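Data first, discussion second: the structure below is written as C-alpha cells.
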Amino acid sequence: MATQDHSAYDRLGLVAALVAPLAWGLTGIFIRLLHGLPPMTIVVGRLLVASVALGIVLVFRRPGRTRWSWSSLAMAGYYVLATEAFARAPVVEVTLLVGMAPVLALGIDRLRGRKVPAPQLFGVILAVGGLVAFLLPGATRANRNLSGDLLALGAATASAVYALQLRRMAVSDSPPDPVCLAAIACMVGSIAGAALIGIFGSPTLPAFTAREVETLVLLGALSTALPTAAFSIASARLPTVLTTSFGLSTPLFTALFAGAVLQEWPAPATLPGALITLLGLALVVRSVPPSSKRGTPAEIPRAAA
C-alpha cells in the first residue's frame, strides 16, 4: 500500500491559506463597481453566486458524504456580520477588529487547554501591530459606532470559530469535505441575508444592469467562492492560528489591487506597517511545528476531547 505524502498536505494548506486573503483582497474593487446597490443586497448576491459555483464544482468532483456541521453557520455569520459592520462603522475600524481573528483563536485555544508557544504569540501580536500601522495613516476621523464595532468583533469571532471547528473535525475519525461545508456556508449566508432584507430592508428590489450582474458574478466566484473554499481547506489542514493569521494580509492585497486597478496606491507611510505584518506572519509560520502543519492530531492534546 502506498504511503501518504504528508508534506503535500502541508503545501496545499499553506497555498490555500494564501489564496484566501489574496482573493478576498479583490473584494474592494468589485464593491466599488457596485456602489449603487445596498450592502446586504450585495452580500446576498455574492453568496448566492458562490453557493452555485461551489455546487457545480461538487457535482463534477462527486465528493463523499459529508455530515452537517454547525460550523457552516459560523462562516455564513461572518459574511453577514462583516457586511453590516462595514455599513455602520469606519472601514479602518472594522478591518482592524475583523483582523483580531488570530488573537481570538489563540484565546479560544488557550481556554481549551492548548499551550500557546511564545514565538507564535509574539508573531501574532507583531502582525496585528503591523496591520494597525498599515491602516491608521489612511484613517479619517468619524463618529464611533459601537454597534458596528461589536458586529466586526462578531465577524472575527465567527471566522476564528469556523477555522477551529474545521480543524477539530479534520483530525477526527470522519473528516468533512471542506469545499462542501463552504458551499453550505454560502447558501446559509445568502438565506440569512435575504431574511434580513425582508425584515429590515426596503421591499422594493433594485434594478440590476447587465454590468452589475457581471460584476456580482465575478464577486461571487472570485472573491467569495474561491476564498471561502480556500479558507475551509486551510482550516482543515493547518493550525487555526496559522490560517487566521494569513487573513491579516488581506488589507495588503486590497491596497495592492486598488493601486494596480484603480490607481489608488497606499501612502508611503503605510509601508513599514506592511513589512511588520509580513514579518509577524513569517514568525507565526516558523513557530508552527511541522507535525502540526501536516494535519496530525499532535497539535491538539486536549482540544479534541
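The values are calculated or read from the model by the stated rules, or taken from the named source; none is laboratory data. Only a predicted model underlies this, so the values are computations on that prediction, with no experimental measurement involved. Note that each Cβ is placed from the backbone with ideal geometry, even for glycine, and that neighbours are counted across all protein chains shown. With ligands, DNA and RNA removed, areas are computed over all heavy atoms of the protein, side chains included. Shrake-Rupley method; radii C 1.70, N 1.55, O 1.52, S 1.80 Å.
Quick notes on this one:
- Residue selected from segment 167-184 under the condition hydrophobic (A, V, I, L, M, F, W, C) and modelled with pLDDT under 85, by the criterion surrounded by the fewest Cβ atoms within 10 Å (Cβ to Cβ): 171
- Those residues of segment 81-106 which are over 13 Å from residue 245 (Cα atoms) and either of a type in the set (Lys, Arg) or open to solvent by less than 20 Å² (accessible area, probe 1.4 Å) (or both), in sequence order: 82, 85, 88, 89, 94
- Within segment 109-132, if we keep just the residues that are over 20 Å from residue 285 (Cβ atoms) and touching a helix residue (DSSP H, G or I) at 6+ places or on another chain (Cβ under 9 Å), the residue that is surrounded by the most Cβ atoms within 10 Å (Cβ to Cβ) turns out to be 132.
- Taken over segment 1-43, the criterion of being at pLDDT 90 or above and touching a Ser or Thr at 6+ places or on another chain (Cβ under 7 Å) is satisfied by 17, 21, 23, 24.
- Look at segment 262-280: where a residue is farther than 30 Å from residue 118 by Cβ and touching a residue at least 60 places away in the same chain (Cβ under 8 Å), no partner that is part of a loop (DSSP other than H, G, I, E, B) and open to solvent by 90 Å² or more (accessible area, probe 1.4 Å) sits 6+ places away or on another chain with Cβ atoms under 8 Å.
- Considering segment 12-46, the residues that are open to solvent by 50 Å² or more (accessible area, probe 1.4 Å) and part of a loop (DSSP other than H, G, I, E, B) include one that is farthest from residue 241 (Cα to Cα), namely 36.
- Pair list, Cβ < 7 Å and 6+ apart or interchain, from segment 23-48 residues that are charged (D, E, K, R) to residues that are crowded, with 20+ Cβ neighbours inside 10 Å: 46/216; 46/219; 46/220; 46/224
- Helices (runs of 4 or more DSSP H) wholly inside segment 188-305 that include at least 2 residues being open to solvent by 70 Å² or more (accessible area, probe 1.4 Å), out of contact with any Pro (no Cβ under 7 Å at 6 or more places or on another chain) and at pLDDT below 90: 210-220, 250-262, 271-287
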